[in-house]
Every structure is written in structure tokens, then in C-alpha cells.
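Here's the structure, in C-alpha cells; my notes come after.
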Amino acid sequence: MPLLATLPGTMPTRASQLFLPTLRDDPAEAEAASHRLLLRAGLIRQVGAGLYSFLPAGWRIHQKVVQIIREEMDAIGGQELLMPLLTPAELWQKTGRYGVSELYKLNDRNERPFVLAMTHEETVTFHATELNSYKQLPQIWYHFGTKARDEPRPRAGLLRVREFIMKDSYSFDRDEQGLDVSYWKHAEAYRRIFDRCGLEYYECESDVGLMGGSLAHEYLAPCDAGENEVALCDRCDYSANVEVASSVAAAPAFAPSREQPEEIETPNATTIDALAALLGIDPRTTSKAMPVVGPDGQLVLGLVRGDHRLHELKLQKALGGEFRPAHPDEIRTAFDADGGSLGPVGITIPIIADETLRTGNYVAGANRNGWHLLGVEAGRDYQARFADIREVSAGEGCPRCGGTLRIEPAIEIGNIFKLGTRYSVPLGAQFLDEAGEQRPLVMGSYGIGPARTLAAVIEQHNDDKGICWPAAVAPWHVHIVAMNAAGEEVVAIAEQVSAAVEAAGHTVLLDDREKRPGEKFADADLLGCPVRITVGKKTLEDGAVDVKLRATGEEGRVAVAAVPARVGELLR
RNA sequence: CGGGGUGUGGCGCAGCCUGGUAGCGCGCUCCGUUCGGGUCGGAGAGGUCCCCGGUUCAAAUCCGGGCACCCCGACCA
């Protein structure tokens, strides 16, 4: 065996000894591209629903992503630490999150209640109580910590799981201005991280949720398997999760305005489609009424244009809390009519109407079964509170520039969030300012899931043969295929090339297995290291090897001595 | 939580309706062959048929209950 190959630090990974169980067939359970390829390439294995082990090659990739995140977090002054998964229930009781349904709860042998952390705001704020002075601020702390979440439905391999490692960081500032600085520092770090990972992504303003923050962005990587939908403008850089996106709906041609609404008999027309067909009108000139019971227990009528869909989250925000659809008997009592014939005219319950309905005249339910009203106008025929409560749909106008919106699926790979004092107040994390006054720390929290990031990379970088890793996150830079591995000369040259490539600073997987060429090539394509080098009799006749770029398929013969330089060029 | 589906060697599946010998392809081991895109031939190893209960002389198969996993939806700090 050549001496070089035995020296520490110059050992390539040998495929003959590597636990890399690639699969020839697609696993039956895998639907999403990343899920299928992670399993087939031998990178992960499922242990239970939403529970995965990273196999050696997969873990290398995870570590690559982690290291990129670490470098960029350190670059903005982050300090790495580590917090436990198992946490006392008391912390969660103090912040009011003990009731969250995703929390895994358990008791110790003394029946003391514990929680498996789903995120670490509670724990980190507990530590932040040791920050005492404005002189110590700002601080950014981060860790790669395991999170456990009792997800209602884990899915698509690593895209939604019940246990995962998350880079979560937390900033502590004296005031909103300070928080703003920490927040945008994170945004910059996140852009660098995802750029380095080779991801296409959108930085979107997102919903602050029920956590009561003041600003949040999420980083969404477009891909078919995504669980989120992003609205994107074809003209400007507007991008927003449909949960918060707004749009300009084109106005239809309305019927001529009437002096007052006119009743019309509409037997059996209890859906917008049926109504529009019966009257021969544009569904966009109708309105749709959905009675709901708001957070205070009061009945409220939500009103949107006939062709629009009510957006639950938006209505929830407009109502100030959760709501449910009204029951049929509640509807009967309040409207003296049934669902399908409801409208805003002549009722006493409050109305929340979508902004679109401010102008124009619409066909609306008459609150009399089998009848509708023509020419209903907001303001004249009913009074409503207006709000944006409808879903954005593709083809509508960009709220910023008037361009056309399209909607794409995407996966959330990171988020940044201005928390304010949501956790510092209940957990008593305060500091003393110059004036000697006690003030709560102003916090931000920021998350990235390395595993989800890596899955998103696969979603965006694959072909019919397998994965095409960007060099920065590839398990190895170079995959050397030694043809006819029993041949001594081929093996010797393969090891020599391997050592030279490693000496130039690149990592190598050396396929020294005694397998047929086809199988080795298939595995190399599947695993997707950016550069493949083939050493065989044919190449050695030329004193050369073949160097192939996985992503493009471009291949060329390169003299053995020139290989490190060529590899360097390709990986740049 | 609602709907749909699947549980049979490591992987992908057939067998189940119509009860009786557990089978195919891939992979694995050994021998030979072949050696630049999953070669060919031969010989082998490997299975509580998800679990529990019932019916029956006899259950992978029929019946009851449970569990697990997948997909759709709800949900998703």
C-alpha cells in the first residue's frame, strides 16, 4: 500500500469500508424528491414517523451545513453555547406555553413534570437573567440544539419531522433600536448562509403569529415539495407568504347601479357557481357570506367576493382571535335563513367585509331561502368593517407595483423574529440602564433547520440519476471511481490521485469496491459529489484520468499530474 | 383529529377473493465468468407472513380488536 495513503490526514474515505447503503429501487414510502434521494443515496434511514438517523455520508452533509451556519453566526458576533433538550415544566408554565399541543411532556421518577424543548426561548431567557447591565448588551447567543415536536403529521422525509437539530439564536438588546440592528445582522448572515449552500430562496415578510412579535421574515426555498406558498411578482421583487400576502383584484364589469337592492328568486342556487349560472352573471359580481363565531362568542358575518376564498388566518387577525364556523342552528336563529342564502342586508350582527367589496354592486344572499338581492352596495345597503380577509390568488395584481402575481410552493428553511419582551418579562430577565432603572431585555429569535436546508438543496439540485451537490455542502468534493479494483496498477494510481487531491485541500471518496463499472457510476451519480474522477486501464494508457462534473456531465481527460489543479478549477 | 391506503427475508412486490407445500425480482455468501454505465452461469444463506384474540382438523389467507407506517386534509412556536 502506498505510504501516503496511510498517513493521518490524507486518508480518503474508502467506499469498501463505508456504510453507504444505496438502494437500487425507489423506496415505496418516499414521494418528495429529497426524501426519495436521501433514502436511495444511503444518507438517512427512518426510525419512526418523523424520526430519522443520519448515516455517515448524510451526517457529513449535515455537518457541512452546520459549519457554514456557525461561521456566519460567528461573523455577526454570535456566541455558541448548548442548551438541553429536557427542560423543567416550570419554565414553560411561566411563559404560558405549557399548553402548546406540540410539546412533548413527561415526568421523572419523582413525578416531576418535564418538557422536551420544541424551541429554546424559555431556556435561553432563563440564562439571560444573568445579564445585569446595559454595558453587557447587545448579546447574540446561538446553539445547535435538538428540538422535539409532537407534529400532527410528519411528512416528506426531512421536510417535517418530530425531532431535529435546529440552529436557534437569540439576541438581547436594551431597546427596539438595538433589536433592529441585531435583527438585520441576522438577515445578512442568513442570506450569506443560504447563498453559500447554493440555494435559491426568497426572504419574505411573514406572519408574526400568536407569539406577539412585531416583525418577522422567513426564508423560503422554492421547490415542489414545499408546504408553504409564496406570492411573487413578475415585475418587482415583492415576495410574501400567502399567509400575509395581499394583492389587487381586478374589478369586474358590474351591472348598472340600482336605486336600491332588488329581490330575485333563485331556487336551489346555494353556491356561487350555481347562482352565477342561473343568473348568467360573472361570479366576481357576487358576494359570499360566511357566518362565524368570533373569539368573544359573538356571531360575525365574514363577507368576500364570490370568486374569492376567505383566508382563515387573516380573518383571525381581523377578529383578534380564533373563530369557528357558525352551526346551522345558530345561522337559522340569526338570519332566519340557511347557509347559501345569506347576505349582509338587513341583519344586526357585525360584518367584516373584504376590501374588494368597498366599491361596486353585488348579488348577495337575501336572508330568505331561495332568494338573492341584486345591486347590493356597501355603505348604502349595509355597514361593514373592511379588512383584507381573502386569499391571494395567482394572476392578481402586485400590491406594490401592479405587476402580476404568481404563486409557488416553497419550503421554509429559516426565520427571523422580533420577540420584544414576550419572554423576558414573564421570566424576569431584566437589566439596569444608565439611569439605574430595571428594564426587560428586548429579544429576537432566529432559526435555521440544517436538515431541512439540506433537503431543500436536494429538492433544487437533482436530476433523474440522483443528487447534484453544490461543492460547499457535498459529502465529499471528489468521488474517485477505480475501475476493475482488483487491478493493482489502477488501484495504485487511484490512491496516488486521491492523495494528491486531498493534499490540495479537497475531500475524497475512493470507490475501491470490486463492483461492476455500471454500478459504481450509478452510485456516484446518486450520491452526487460535484467532481468524479475515473481511473481505468484506458485512461492509464494516456497517463491520465477522466474528470467529470456531476452537475453538467461535462467530462475530460486530464494528466495525472494536472488533476489537483483541474479539480481546484472545477470546484471554484 | 377526519378521509384513503399499506403491513409477507435487507429492498421492491406476488400470494389473501376461493384456508392445507411461503413465492418472485433485486441485494447478500461461495465458485466460475466478465470488467468504462447495475455482465452471465451455477450453488447457497436468510422469513415470529405487524401484534393479540376468535373460527377451524388446519389461518399469511376468514372474523374481531389493537398497533405501526404512507398519502390527502385539518393543524403547523
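Data table
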{"item": "Single residue of A:Val293, A:Val300 found to be closer than 16 Å to A:Phe386 by Cβ and without any contact (Cβ under 8 Å) to a residue 60 or more places away in the chain", "result": "A:Val300"}
{"item": "Those residues of segment A:62-80 which are part of a helix (DSSP H, G or I) and touching a strand residue (DSSP E or B) at 6+ places or on another chain (Cβ under 8 Å), in sequence order", "result": "A:His62, A:Val66, A:Ile69, A:Arg70, A:Met73, A:Asp74"}
{"item": "A:Val100 part of a strand (DSSP E or B) and near RNA strand B (Cβ under 10 Å from one of its atoms)", "result": "no"}
{"item": "Failed criterion for A:Thr507 (all others in (1) near RNA strand B (Cβ under 7 Å from one of its atoms); (2) open to solvent by 20 Å² or more (accessible area, probe 1.4 Å); (3) within 39 Å of the chain's Cα centre (by Cα); (4) not aliphatic (A, V, I, L, M) hold)", "result": "(1)"}
{"item": "Count of segment A:30-55 residues which are in contact with a Ser or Thr (Cβ under 9 Å, 6 or more places away or on another chain) and either at pLDDT 95 or above or not in a helix (DSSP H, G or I) (or both)", "result": "6"}
{"item": "Only one of A:Glu434, A:Glu459, A:Glu489, A:Glu514 that is of a type in the set (Asp, Glu), over 29 Å from the mean Cα position of the chain (by Cα) and more than 13 Å from RNA strand B (Cβ to nearest atom)", "result": "A:Glu434"}
{"item": "Filtered residues of segment A:304-337 (kept if away from RNA strand B (no atom under 12 Å from the Cβ) and under 18 Å from A:Asp273 (Cβ atoms))", "result": "A:Val304, A:Arg305, A:Gly306, A:Asp307, A:His308"}
{"item": "When residues of segment A:17-32 are limited to those that are acidic (Asp, Glu) and near RNA strand B (Cβ under 6 Å from one of its atoms), the one nearest to A:Cys529 (Cα to Cα)", "result": "A:Asp25"}
{"item": "Subset of segment A:517-548 that is acidic (Asp, Glu) and more than 7 Å from RNA strand B (Cβ to nearest atom) - its residue that is most open to solvent (accessible area, probe 1.4 Å)", "result": "A:Glu541"}
{"item": "Residue match in segment A:419-441 (condition: among the small types (Gly, Ala, Ser), open to solvent by less than 20 Å² (accessible area, probe 1.4 Å) and in contact with a Lys or Arg (Cβ under 8 Å, 6 or more places away or on another chain))", "result": "no"}
{"item": "Set A:Leu319, A:Leu313, A:Leu374: member being touching a Gly at 6+ places or on another chain (Cβ under 6 Å), hydrophobic (A, V, I, L, M, F, W, C) and open to solvent by 20 Å² or more (accessible area, probe 1.4 Å)", "result": "A:Leu319"}
{"item": "Options A:Ala41, A:Ala30, A:Ala57, A:Ala49: the member that is within 17 Å of A:Ile467 (Cβ to Cβ) and under 21 Å from the mean Cα position of the chain (by Cα)", "result": "A:Ala30"}
{"item": "Exclusive hit being touching a Leu at 6+ places or on another chain (Cβ under 6 Å), assigned by TED's automatic domain parsing to the domain that holds A:Gln17 and within 13 Å of RNA strand B (Cβ to nearest atom), set A:Ile480, A:Ile467", "result": "A:Ile480"}
{"item": "Number of the condition not met by A:Ser246 [criteria: (1) under 31 Å from the mean Cα position of the chain (by Cα); (2) in the same structural domain as A:Ala364 (by TED's automatic domain parsing); (3) touching a residue at least 60 places away in the same chain (Cβ under 8 Å); (4) open to solvent by less than 50 Å² (accessible area, probe 1.4 Å)]", "result": "(2)"}
{"item": "Single residue of segment A:216-243 satisfying the filter (in contact with a helix residue (DSSP H, G or I) (Cβ under 8 Å, 6 or more places away or on another chain) and under 22 Å from A:Val100 (Cβ atoms)) that is surrounded by the fewest Cβ atoms within 10 Å (Cβ to Cβ)", "result": "A:Glu243"}
{"item": "Complete set of residues in segment A:122-162 that are within 14 Å of RNA strand B (Cβ to nearest atom), charged (D, E, K, R) and out of contact with any Lys or Arg (no Cβ under 8 Å at 6 or more places or on another chain)", "result": "A:Lys147, A:Arg155"}
{"item": "Given (1) closer than 30 Å to A:Ala28 by Cα; (2) within 9 Å of RNA strand B (Cβ to nearest atom); (3) assigned to a strand (DSSP E or B), index of the condition A:Ala216 fails", "result": "(1)"}
{"item": "Close pairs from segment A:108-121: first in contact (Cβ under 8 Å) with a residue 60 or more places away in the chain, partner of a type in the set (S, T, N, Q) and within 10 Å of RNA strand B (Cβ to nearest atom), Cβ under 7 Å, at least 6 apart", "result": "A:Glu121/A:Ser445"}
{"item": "Candidates A:Ala117, A:Ala89, A:Ala148, filtered to the one that is touching a Pro at 6+ places or on another chain (Cβ under 7 Å), open to solvent by less than 40 Å² (accessible area, probe 1.4 Å) and in the same structural domain as A:Ser182 (by TED's automatic domain parsing)", "result": "A:Ala89"}
{"item": "Elements of type strands (runs of 3 or more DSSP E) in segment A:329-438, at least 1 residues being modelled with pLDDT of 85 or more and farther than 30 Å from A:Cys223 by Cβ", "result": "A:351-354, A:362-365, A:385-387, A:405-420, A:430-432"}
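The values are calculated or read from the model by the stated rules, or taken from the named source; none is laboratory data. Quick caveat: nothing in here was measured; it's all calculated off a predicted structure. When we count neighbours, we look across all protein chains shown, and the Cβ atoms used for this are built from the backbone with ideal geometry, even at glycine. Quick note on the areas: whole protein, heavy atoms, side chains included, nothing else; ligands and nucleic acids left out. Shrake-Rupley method; radii C 1.70, N 1.55, O 1.52, S 1.80 Å.
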